[in-house]
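Inspection log for the structure reproduced underneath, given as structure tokens.
The values are calculated or read from the model by the stated rules, or taken from the named source; none is laboratory data. For clarity, every value in this text was computed on a predicted model and none was experimentally measured. When we count neighbours, we look across all protein chains shown, and the Cβ atoms used for this are built from the backbone with ideal geometry, even at glycine. Surface areas here come from the heavy atoms of the whole protein model, side chains and all, with no ligands, DNA or RNA. Shrake-Rupley method; radii C 1.70, N 1.55, O 1.52, S 1.80 Å.
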Amino acid sequence: VFADFYSAERLVHVTESAPLVRDNAGKHYAVVGGFSVPSANGDGQQGSVSLAGRRAVLNVTLDNLLKGAATQAVQNMNIAMGIDEYTGIPVQEKPDMSLA
């Protein structure tokens, strides 16, 4: 679901594994991953009735000085000026991740 939703976003990458902060240092994008649905009874089976069965867990990492501040400022300025939102932002097609 997340991979499809963010497929057109060049500054958001989706991975199956939990993204690590060290993998995102110095990068201009956010990484979403590490998806899990906790079981209701702790036996590894997906819960359906309890509160645990209605929760999803995911992780997001970003470099707060780049994507969190500088890149976001440039992206917002580009949008406000009516130019391509990625102008002046190094865009990477696939993230450099230590986990697959």
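Is there a residue being within 20 Å of GLY34 (Cβ to Cβ), open to solvent by 90 Å² or more (accessible area, probe 1.4 Å) and at pLDDT below 85 anywhere in the range 53-60?
yes
Please determine, by comparing only the residues of the range 10-45 that are open to solvent by 80 Å² or more (accessible area, probe 1.4 Å) and closer than 24 Å to GLN72 by Cα, which one is modelled with the highest pLDDT.
Within the range 10-45, the match that is modelled with the highest pLDDT is ARG10.
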